[in-house]
Every structure is written in C-alpha cells, then in structure tokens.
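Single-structure report; data block below.
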Amino acid sequence: MHNGTTITQFIIEEQRHIQGASGDFTSLLNDIITAIKVISNVVNKGALIGVMGSAESENVQGETQKELDVITNEIFIKSNEWAGHLCAMASEEMDDIYPIPAQYPRGKYLLVFDPLDGSSNVDVNISVGTIFSVLRCQGESDAPSAQDFMQPGTQQVCAGYALYGSSTMLVLTSGHGVNGFTLDRDIGEFILTHPNMTIPEDTKEFAINASNQRFWEKPVQRYVEEALAGKTGPRAKDFNMRWVASMVAEVHRILMRGGIFMYPKDTKDPTRAGKLRLLYEANPMSFIVEQAGGASSTGRERILDVQPDGLHQRVPVILGSRNEVETVISYHKA
Ligand code: AHM
Ligand code: MG
C-alpha cells in the first residue's frame, strides 16, 4: 500500500477548484500519463526488445530518426486520438499536423509533443524525456489546420515533461505552480514526490554545448568567458558546467538545484534561429520554468511571448535561475 498522493488524485483535486470544469482536461491528462508509462517501459527495456538504433527515415527537419523516435510518436498518437478531447496533434516527428481521424469524436484541445527528446542519447543509455503542451483549439474543430497551433506560449493550458532517468518522473504545470511525480513501478502509478518545485534565483552552474562557441553571438561569448574566469574574474565566483545533451535532463537539474541552460542563436546554420523548437521544446519548458519562479528568454524577448509562424520553428533558448538569465539578457542590451 502506498501512502502518497497519486497523480490522478492530484489532478482531480485541482480540477475541483476550477469552476465549470467538465473533467475533459483531467481525462486528457490521464491519456497522456498512460502514453508516458508505455514509453517509460519501452525505453527501459531498450535492447531487450530490439528497439535501439536508427529508423530508415528522416524527420521534416532532415534529422535521422531513431527507431524509438518513431515508436514513441506512435504510442503518443494511439493513446490520445480516441477519447474525444482533442481536435488535432502536432509532433516534432511529423511533417504536418495530425487531425483526429474521422472515426473518433473531436474535442476542444490541441496536443503538441516531442515524444523522445534527446534521443541521440538513447543508444548510450543516458536519460531522455518526453515534452508536451496542451493548447485550446481556436478554429472550427471539424477542419483543424496548422494555423490553429500558431499561439504564443502564454496561451498554453498545461505543459509537462517526463524524464526517463534513474527513475521515471513526470513534472507538470497547469499555471498554478509546478509539481513533480515519481513512477512507482510496483503499482504502476505516479506519486507526488516533489510538490511546489521552485528554481533558486541565483546559480553557479551553466549548461551549454561549448563545441559551438565560435558560432555564438557576443553576449553569450561574454557570459561564458566571464563565468570561466571564476573568482578572480568580473563575476567574482567559480562556476560549474554541465552538458547532458538532453534538454529534459538539464531542465530537471535546474528545477532541482538551479542553473542556467542555453542553446543560443548561432551562425553555424544561418537558416536557423537556434536549434530547439518553439512549439515542442521551448514553450512547454519555458512555461514550467516561469511557473517555478525562473526566467526564459531568447536573449531579446520572453520566449512565451514569441508569436509562432511555423510548426517546426526554432528559437534561441536561455532559461533557468532568474538572476542569471537576467544577466544574459542585459548583455544582449549592452
Ligand atoms: P532532439 O529533439 O532531436 O533530441 O534535439 C533536442 C536536443 C535537446 O534535448 C538538447 O538540449 C540538444 O538537442 C542537444 O544538442 P547538441 O547535440 O547540439 O548537444
Ligand atoms: Mg527534441
């Protein structure tokens, strides 16, 4: 017998505080949670069930897909298409939107997801994750289009991520703080283990892929140079550095102990504004980080205010401990 709060209990109790709530959203979250449990199981079994390696395909962004990218995308769709809560879905792994098939009822929400973020880590058994975001459908639900998804991050109803690490965790916000749940495999339930997660305002830890240094803009060059100078430099403190190459793992570390994560604008590929995708990665993570008291910016603009103009649009991402993010923003203004 467990003696914690299950995630189902938690979201039903949250729903009771919302006047006129129909239970639709709670039920949608339950389907998302089911998908995450299935993905956790598949990722955990890995080579035992023969799902490692590359699929013989590329996604719309020209990146080689891992077999698990394709499988986990399918799991998310199958788990969420039938219940009547959604009008359409969009995923990092699909070129176009996925309108709910005609044999199912359509609902009022849109679901956006990256089914397996950091999948380059999967073959080497390093943590990966799933990121998702829920929006309201704006157009006619019988003819959803990509245009319906072009909503700034401030419009998100809910965002979350699952981290498939040494334990599987689900971290969630629906705009009233951030809560973390750990999967108890014995009973198949997520249990509330990290209520009201908050990000410390200050930090001495930064995360960036330093191999891109020569391509960064001046403000980021300056920030990292000053951090590396340590105690005797202009920041007068020694910094630590981390780079997992799994955004979910980096954001989770920042929620647990503070830090700043940057995938900034660079000149490596002039056709891209950054590496990370606004709808699938930057917006949901920014919602979570802001709800935990942190900050998130492109360097020039709050990420949640960016008006999307494409499903697979990329943005520079600088997020984490508030005072450190503000420092990087101030360098962009200098
Ligand atoms: P993906 O969605 O194709 O897995 O790419 C996103 C990942 C992030 O999780 C991570 O922060 C970044 O890409 C790592 O990039 P790099 O390989 O340049 O270190
Ligand atoms: Mg991703």
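The values are calculated or read from the model by the stated rules, or taken from the named source; none is laboratory data. Everything numeric in this text was worked out from a predicted model, so none of it was measured. Quick reminder, even Gly has a Cβ in these numbers, built from the backbone with ideal geometry, and neighbours come from all protein chains shown. Accessible surface is based on the protein model in full, side chains and every heavy atom, while ligands, DNA and RNA are left aside. Shrake-Rupley method; radii C 1.70, N 1.55, O 1.52, S 1.80 Å.
Return the residues of region 127-162 that are of a type in the set (D, E, K, R) and surrounded by 15 or more Cβ atoms within 10 Å (Cβ to Cβ); say none if nothing qualifies. Selection gives Asp148 alone.
Looking at Ile39, Ile71, Ile75, just one residue is in contact with a helix residue (DSSP H, G or I) (Cβ under 8 Å, 6 or more places away or on another chain) and over 20 Å from Gly188 (Cα atoms), and that residue is Ile71. Out of Leu116, Leu135, one residue alone is touching a Leu at 6+ places or on another chain (Cβ under 8 Å) and farther than 30 Å from Arg242 by Cα. It is Leu135.
I'm trying to understand the selection: among the residues of region 135-171, which are among the hydrophobic types (A, V, I, L, M, F, W, C) and either farther than 21 Å from Gly310 by Cα or outside the structural domain of Glu189 (by TED's automatic domain parsing) (or both)? Break it down stepwise before answering.
The initial filter retains those residues of region 135-171 that are among the hydrophobic types (A, V, I, L, M, F, W, C), namely 135, 137, 143, 146, 149-150, 157-159, 162-163, 169-171.
If the condition is that a residue be among the hydrophobic types (A, V, I, L, M, F, W, C) and either farther than 21 Å from Gly310 by Cα or outside the structural domain of Glu189 (by TED's automatic domain parsing) (or both), then Ala162, Leu163, Met169, Leu170, Val171 are the ones that fit.
Specify the residue that is farthest from Val251 (Cα to Cα); the eligible residues are those in region 119-146 that are among the aliphatic types (A, V, I, L, M) and within 16 Å of ligand 2 (Cβ to nearest atom).
Initial filter on region 119-146 (among the aliphatic types (A, V, I, L, M)): 122, 124, 126, 128, 131, 134-135, 143, 146.
This time we only want the ones that are within 16 Å of ligand 2 (Cβ to nearest atom), so: 122, 126, 128, 131.
Values: Val122: 18, Ile126: 15, Val128: 12, Ile131: 11 Å.
It comes out as Val122.
Between Ala210, Ala229, the distinction of being over 26 Å from Ile288 (Cβ atoms) and hydrophobic (A, V, I, L, M, F, W, C) belongs to Ala229 only. Looking across region 24-54, the residues that are under 27 Å from Gln313 (Cβ atoms) and surrounded by 16 or more Cβ atoms within 10 Å (Cβ to Cβ) come down to Phe25, Leu28, Leu29, Asp31, Ile32, Ala35, Ile36, Ile39. Just a yes or no: is a residue in region 230-251 of a type in the set (S, T, N, Q), assigned by TED's automatic domain parsing to the domain that holds Glu290 and in contact with a strand residue (DSSP E or B) (Cβ under 8 Å, 6 or more places away or on another chain)? Yes - at least one qualifying residue is present in region 230-251.
Please go through region 251-274 and pick out each residue that is outside any helix (DSSP H, G or I), in contact (Cβ under 8 Å) with a residue 12 or more places away in the chain and surrounded by fewer than 20 Cβ atoms within 10 Å (Cβ to Cβ). Matches in region 251-274: Thr267, Lys268, Arg272, Ala273.
A search for C-beta distances below 7 Å between a residue of region 211-235 that is among the hydroxyl-bearing types (Ser, Thr, Tyr) and any residue that is open to solvent by 20 Å² or more (accessible area, probe 1.4 Å), counting only pairs 6+ apart in sequence or on different chains, returns Tyr223/Thr327; Tyr223/Tyr331.
Taken residue by residue, region 318-328 has at least one member that is crowded, with 18+ Cβ neighbours inside 10 Å and either within 16 Å of ligand 2 (Cβ to nearest atom) or in the same structural domain as Leu110 (by TED's automatic domain parsing) (or both). The criterion of at least 3 residues that are outside the structural domain of Leu311 (by TED's automatic domain parsing) and either within 13 Å of ligand 2 (Cβ to nearest atom) or at pLDDT 95 or above (or both) is met, among strands (runs of 3 or more DSSP E) falling completely within region 51-118, by 86-91, 109-117.
So how many residues does region 171-211 have that are within 20 Å of the chain's Cα centre (by Cα) and open to solvent by 70 Å² or more (accessible area, probe 1.4 Å)? The total comes to 4.
Matching residues to (1) in contact with a Leu (Cβ under 7 Å, 6 or more places away or on another chain); (2) within 30 Å of Asn196 (Cα to Cα); (3) in contact (Cβ under 8 Å) with a residue 60 or more places away in the chain:
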| position | (1), (2), (3) |
| --- | --- |
| Ser22 | no, yes, no |
| Asn44 | no, yes, yes |
| Ala47 | no, no, no |
| Asp96 | no, no, yes |
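Just the residues that are aliphatic (A, V, I, L, M) and in a loop (DSSP other than H, G, I, E, B), please, taken from region 290-317. Selection gives Ala292, Val306, Leu311. Among the residues making up region 91-117, those that are open to solvent by less than 10 Å² (accessible area, probe 1.4 Å), within 14 Å of ligand 1 (Cβ to nearest atom) and aliphatic (A, V, I, L, M) are Val112, Leu116. Scan region 212-250 for residues that are open to solvent by 30 Å² or more (accessible area, probe 1.4 Å), more than 16 Å from ligand 1 (Cβ to nearest atom) and not in a helix (DSSP H, G or I) and the total you get is 8.
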